[in-house]
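Report on the following structure.
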Amino acid sequence: MKKSRNIGKILLVAVAIALLCALLTSCGLFNSLNTITSANVVARIGLEKTADGAYEVQAGKEFTLAVVWNNKRALYPSIEWHEVLDGKDSTLPLFKNEQILTYTHKREDIGKTFSYYAKVNEFVRAEGIKVRVTKAKLDPPAIACQDELKIVDGKIQQNIIGGLKDVKLSASWNAADLDPDLKVTVEWFVNDKKVADGAGYTYSVSGISAPKTVDVTCKVSADGMDAKSTTVSLIFVEKYDLVDSVTVNIDDARFTKIATDTYYVQKTSDKLHFALSASIAPATANLAADCEWSFDHSGKSIIGEKSTHIENVGLNEGKNIVTATVSNVVSRRVTIYYMTYDVDAIPTDIKNAITDKFLWNGNYCDRYVTCQQEVDEFVGYAISQHQKNKAFEMYMPTANWAISQSEFADVMSLAIKQGGDESGYYSYSMEKRGAIGRFTFGDATEFGIPSGAYQPQATVKQAAAFLRYSEVENKRESLPIDEKTDTATVANSNDLYRVVSCGFKPVFAADESGQKLQALYNKARKVLIDYISADMTDVEKVAAIYDWIVNEVDYDYKVASLGTGSGTSGYNAFYLEGVFDDHRAVCDGKSKAFALLCGMENIKAIRVSGYANSNIAAVPDSEKAAYGHAWNKVLVDADNDGVREWYVVDTTWGDVEVGGASGRTEYLNYSYFLVTDEAVATTHQAKIATPKANTEYNVYKNTFFTYNGVTYDFYIESSVERDVLIAYSRANGNIAMCVYIEYAAQGGHGYAFVKLGDNQYVVYAS
């Protein structure tokens with residue numbers, strides 16, 4: 001009985017403690033971290049402080065107040081805003097529970113003084129401020145034009161070739177905020193010469209036939225006020241330059257830049273809305289071109305409406321990735337973190353993850369991952385570092401992406417498959433604890449590090465061909481890559497092609513490894529300096545690069561026959577070294593070289609990894625690894641419409657093979673030069689989504705030869721054109737020429753051919 005009575009006492013004490021805890025919690029003693037004891041109202045935007053401590057605002061001008069409190073951990077208190085005028089206290093229900101008060105006073109409020117304060121959590125009164133409304137001053141005029149034209153960054157562009165329109169301008173100002181008896185005078189000036197009075201002016205484009213820029217200024221003035229003016233530049237170009245780059249701009253004072261292309265803003269209430277803009281270069285490109293916005297959150301992408309600017313963009317809690325695309329040119333990503341922490345109170349593990357940036361595929365990424373794509377990027381980067389027995393760690397917020405240990409294993413397996421772009425064999429261990437995911441490459445891993453050419457070499461003969469490159473007379477002293485301002489340090493040849501193809505100028509280490517890599521880079525430079533001139537179009541440059549790789553670099557059949565298992569990743573054929581040192585490579589090396597050479601000419605080209613076969617769709621997924629392949633997509637204005645489009649290019653399949661192991665002859669062909677996705681749909685399958693290539697380009701109608709003073713294209717429509725073609729081949733050493741021959745012209749004799757399909761042939765005089 002005594003023992004049972006003691007148990008009862010213990011239970012009673014436990015219950016008492018539990019009740020006491022509950023009581024203390026209800027009293028807020030255990031919730032002290034969220035307690036607010038003081039608050040005050042602060043002026044943010046649009047107010048001027050006076051000598052007496054009050055603030056002044058002009059009628060019609062927007063101003064912003066904010067309430068702040070002593071405890072930053074208290075995130076969502078109740079807030080009630082009050083306005084006091086002549087002793088009358090009024091609540092402002094429109095701003096209930098809003099930390100920010102944005103307000104505008106009208107003309108009838110001039111001369112009045114208002115007080116604003118806030119109640120926080122009902123009982124804490126925030127110290128308020130006084131706002132005195134003054135007469136509105138004359139604002140600079142706002143200039144508008146007719147709907148067919150757009151004003152962008154103070155400029156109106158027109159394309160002479162596209163046809164010019166008279167520019168109809170109109171001016172407005174803050175008339176509703178001014179004294180109605182105030183007389184406002186409006187004057188218009190063209191290049192500082194007065195041309196008109198009144199609220200509207202039309203600039204005539206009659207007689208404009210050459211590029212010019214005209215500054216049109218609207219000046220408004222009123223008695224007793226400073227005159228104000230606004231200028232719009234009318235820019236007339238013969239033809240818009242192509243868009244080279246797009247930049248996302250964030251100018252909101254609420255955002256703190258915490259790392260490269262990375263911003264932070266604290267979540268205080270509902271979804272935050274803000275304005276952003278995109279700028280393009282060069283300035284002679286079409287500034288009014290549509291901009292397509294992409295907003296990514298936890299792997300979900302939202303494509304916004306096309307516009308020049310976009311406002312009221314909503315942020316989701318966590319990680320937001322923003323890009324802008326103009327004329328198929330994509331900006332670098334801007335990452336915005338929208339979290340409940342004060343910027344100075346972000347937990348260390350989270351802050352380290354979001355500020356530890358690494359450059360991957362032209363974007364500054366981080367270790368805060370919320371979807372498979374971001375894991376792919378981090379794993380790809382980790383592979384590129386070539387480090388064994390080093391733990392790579394990523395933060396995986398459970399609120400955005402709750403995955404188990406077994407699911408993490410699947411995520412890692414997929415990331416190894418589609419995240420890395422290097423040859424190699426990977427052995428790794430991994431674990432996931434809470435929000436932390438770790439993986440480590442083990443000793444059995446074979447990173448893709450070139451160590452020499454494979455021997456013996458296969459017997460390969462490249463047939464003499466019509467080539468779209470030849471040594472130029474006036475060689476350049478510099479290349480477009482030399483003008484780049486963004487730089488990146490490169491440690492190996494894979495780094496080299498990656499950073500250059502993404503628009504970065506490479507920086508080499510001063511050690512022996514860096515010197516060897518720079519020597520490799522200089523070989524690539526020599527190719528471009530020797531065979532490409534400054535006056536060539538982008539399409540002509542791409543054609544020269546394509547033909548050089550196909551003609552000068554043999555396919556390494558010996559390395560290809562080894563497969564992709566352990567022990568093969570060290571051969572040069574997979575890398576730039578195979579192309580520029582050995583002049584023999586497989587698809588990996590050729591596709592990397594194409595991306596590098598195009599990037600050095602400021603031509604965007606990406607490497608595509610996937611599978612290829614005569615009928616790849618018929619190959620079971622379990623067997624596709626045996627058909628691994630790499631090719632390219634390139635962004636050029638092939639159809640001359642003033643906008644770059646994506647095209648498929650495959651320099652490996654640009655050689656058609658005739659013969660066998662005892663001796664192969666390869667013939668240069670155009671079947672895989674600037675073609676669409678549809679054209680290669682039966683033969684090529686990418687691992688991940690790539691930019692769409694859906695613009696037609698007929699290489700045969702745009703490739704030419706001259707014979708006896710007459711120029712012909714490679715689209716053969718008659719027997720006469722066929723015979724001229726053969727005569728040209730014979731006169732130039734029986735060179736092979738890739739052509740399209742309509743059925744009616746395929747007869748005759750005196751020539752040999754290799755059939756490619758769909759009336760496409762490689763022909764040469766016999």
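If a residue must be among the hydrophobic types (A, V, I, L, M, F, W, C) and over 14 Å from Val326 (Cα atoms), how many such residues does the range 637-655 contain? Break it down into steps so the answer makes sense when it comes.
Our first condition is that a residue be among the hydrophobic types (A, V, I, L, M, F, W, C); within the range 637-655, this holds for 638, 643, 646, 648-649, 653.
Still in the running and over 14 Å from Val326 (Cα atoms): 638, 648-649, 653.
Final tally of qualifying residues: 4.
Kindly evaluate Glu742 against the criterion of being closer than 21 Å to Asn613 by Cβ and either among the acidic types (Asp, Glu) or modelled with pLDDT under 95 (or both).
In short, no.
Filter the range 681-730 down to the residues that are out of contact with any Gly (no Cβ under 6 Å at 6 or more places or on another chain), hydrophobic (A, V, I, L, M, F, W, C) and over 30 Å from Gln372 (Cα atoms) and list them by number.
Those that are out of contact with any Gly (no Cβ under 6 Å at 6 or more places or on another chain), hydrophobic (A, V, I, L, M, F, W, C) and over 30 Å from Gln372 (Cα atoms): Val699, Phe704, Phe705, Val710, Phe714, Ile716, Val720, Val724, Leu725, Ala727.
If I go through the range 411-442 residue by residue, how many of them are at pLDDT 95 or above and surrounded by fewer than 13 Cβ atoms within 10 Å (Cβ to Cβ)?
Residues in the range 411-442 being at pLDDT 95 or above and surrounded by fewer than 13 Cβ atoms within 10 Å (Cβ to Cβ): 2 in total.
Of the numbered conditions (1) within 30 Å of Arg367 (Cβ to Cβ); (2) under 28 Å from the mean Cα position of the chain (by Cα), Lys239 fails exactly one; give the number of that condition.
(1)
May I ask you to say which residue of Asp641, Asp581, Asp637 is at pLDDT 95 or above, of a type in the set (Asp, Glu) and within 27 Å of the chain's Cα centre (by Cα)?
Values: Asp641 fails: at pLDDT 95 or above; Asp581 fails: within 27 Å of the chain's Cα centre (by Cα).
The conditions single out Asp637.
Given the conditions (1) closer than 30 Å to Gln58 by Cβ; (2) among the aliphatic types (A, V, I, L, M); (3) loosely packed, with under 15 Cβ neighbours inside 10 Å, which single one is not true for Leu276?
Single failed check for Leu276: (3).
Somewhere in the range 103-115, is a residue of a type outside the set (Val, Ile, Thr), more than 30 Å from Lys183 (Cα to Cα) and in contact (Cβ under 8 Å) with a residue 60 or more places away in the chain? Don't jump to the end; show me each part of the working.
We begin by selecting, within the range 103-115, every residue of a type outside the set (Val, Ile, Thr); these are 103, 105-109, 111-112, 114-115.
Of the ones still in play, those that are also more than 30 Å from Lys183 (Cα to Cα) are 115.
Narrowing further to those that are in contact (Cβ under 8 Å) with a residue 60 or more places away in the chain: none.
No; the residues of the range 103-115 include none that is of a type outside the set (Val, Ile, Thr), more than 30 Å from Lys183 (Cα to Cα) and in contact (Cβ under 8 Å) with a residue 60 or more places away in the chain.
Kindly provide the set of residues from the range 103-125 that are closer than 21 Å to Thr50 by Cβ and in a strand (DSSP E or B), ordered by number.
Tyr103, Thr104, Thr113, Phe114, Ser115, Tyr116, Tyr117
Give the number of residues within the range 598-610 that are at pLDDT 95 or above and either more than 24 Å from Leu496 (Cα to Cα) or assigned to a strand (DSSP E or B) (or both).
Looking only at that region, the number is 4.
Out of Glu187, Glu148, report the one residue that is in a strand (DSSP E or B) and among the acidic types (Asp, Glu).
Details: Glu148 fails: in a strand (DSSP E or B).
From the options Glu187, Glu148, the qualifying one is Glu187.
Six or more apart or on different chains, Cβ atoms under 8 Å: show the pairs whose first residue is in the range 129-144 and touching a residue at least 40 places away in the same chain (Cβ under 8 Å) and whose second is of a type in the set (Asp, Glu) and not in a strand (DSSP E or B).
Close Cβ pairs satisfying both conditions: Val133/Asp109; Lys135/Asp179; Ala136/Asp177.
The conditions are (1) surrounded by fewer than 19 Cβ atoms within 10 Å (Cβ to Cβ); (2) in contact with a Lys or Arg (Cβ under 6 Å, 6 or more places away or on another chain); (3) within 25 Å of Ala353 (Cα to Cα), and Asp290 fails exactly one of them. Which is it?
Of the numbered conditions (1) surrounded by fewer than 19 Cβ atoms within 10 Å (Cβ to Cβ); (2) in contact with a Lys or Arg (Cβ under 6 Å, 6 or more places away or on another chain); (3) within 25 Å of Ala353 (Cα to Cα), the odd one out for Asp290 is (3).
Do you know which residues across the range 561-580 are assigned to a helix (DSSP H, G or I) and within 17 Å of Thr651 (Cβ to Cβ)? Step through it out loud before you land on a result.
In the first step, residues of the range 561-580 are kept if they are assigned to a helix (DSSP H, G or I); the result is 561, 572-574, 576-580.
Result: Asn572, Ala573, Phe574, Leu576, Glu577, Gly578, Val579, Phe580.
Out of everything in the range 197-232 that is β-branched (Val, Ile, Thr) and outside any strand (DSSP E or B), what residue ends up being surrounded by the most Cβ atoms within 10 Å (Cβ to Cβ)?
Val205
Can you pull out the strands (runs of 3 or more DSSP E) entirely within the range 654-766 that have at least 2 residues that are of a type in the set (Ser, Thr, Tyr)?
Fully inside the range 654-766 and qualifying: 663-668, 704-707, 710-713, 760-765.
Here is a list: Thr706, Thr695. Which entry is of a type outside the set (Phe, Trp, Tyr), modelled with pLDDT of 95 or more and farther than 26 Å from Arg644 by Cα? I'd like the intermediate steps shown before the answer.
Numbers: Thr695 fails: farther than 26 Å from Arg644 by Cα.
Answer to the selection: Thr706.
If I filter the range 639-671 down to residues being out of contact with any Cys (no Cβ under 9 Å at 6 or more places or on another chain) and among the acidic types (Asp, Glu), which single residue comes out as nearest to Ser561 (Cα to Cα)?
Across the range 639-671, the extreme among qualifying residues is Glu657.
Within the range 75-102, can you find the residues that are surrounded by fewer than 16 Cβ atoms within 10 Å (Cβ to Cβ) and either in contact with a Lys or Arg (Cβ under 6 Å, 6 or more places away or on another chain) or in a loop (DSSP other than H, G, I, E, B) (or both)?
Leu75, Tyr76, Ser78, Asp86, Gly87, Leu92, Lys96, Asn97
Pick from Lys239, Lys257: which is over 30 Å from Gln58 (Cα atoms) and either surrounded by fewer than 14 Cβ atoms within 10 Å (Cβ to Cβ) or polar (S, T, N, Q) (or both)? Break it down into steps so the answer makes sense when it comes.
Numbers: Lys239 fails: either surrounded by fewer than 14 Cβ atoms within 10 Å (Cβ to Cβ) or polar (S, T, N, Q) (or both).
After ruling out the rest, the residue left standing is Lys257.
With respect to Ala199, determine if the residue is in contact (Cβ under 8 Å) with a residue 24 or more places away in the chain and within 23 Å of Ile160 (Cβ to Cβ). Break it down stepwise before answering.
Numbers: in contact (Cβ under 8 Å) with a residue 24 or more places away in the chain: yes; within 23 Å of Ile160 (Cβ to Cβ): no.
Criteria not met by Ala199.
Of Gly503, Gly419, which residue is among the small types (Gly, Ala, Ser), in contact (Cβ under 8 Å) with a residue 24 or more places away in the chain and either touching a Leu at 6+ places or on another chain (Cβ under 6 Å) or assigned by TED's automatic domain parsing to the domain that holds Leu528 (or both)? Can you show your working first?
On the way: Gly419 fails: either touching a Leu at 6+ places or on another chain (Cβ under 6 Å) or assigned by TED's automatic domain parsing to the domain that holds Leu528 (or both).
After applying the criteria, what remains is Gly503.
The values are calculated or read from the model by the stated rules, or taken from the named source; none is laboratory data. From a predicted model like this one, the values you see are computed outputs, not experimental measurements. Here Cβ is always computed from backbone atoms with ideal geometry, including for glycine, and neighbour counts include all displayed protein chains.
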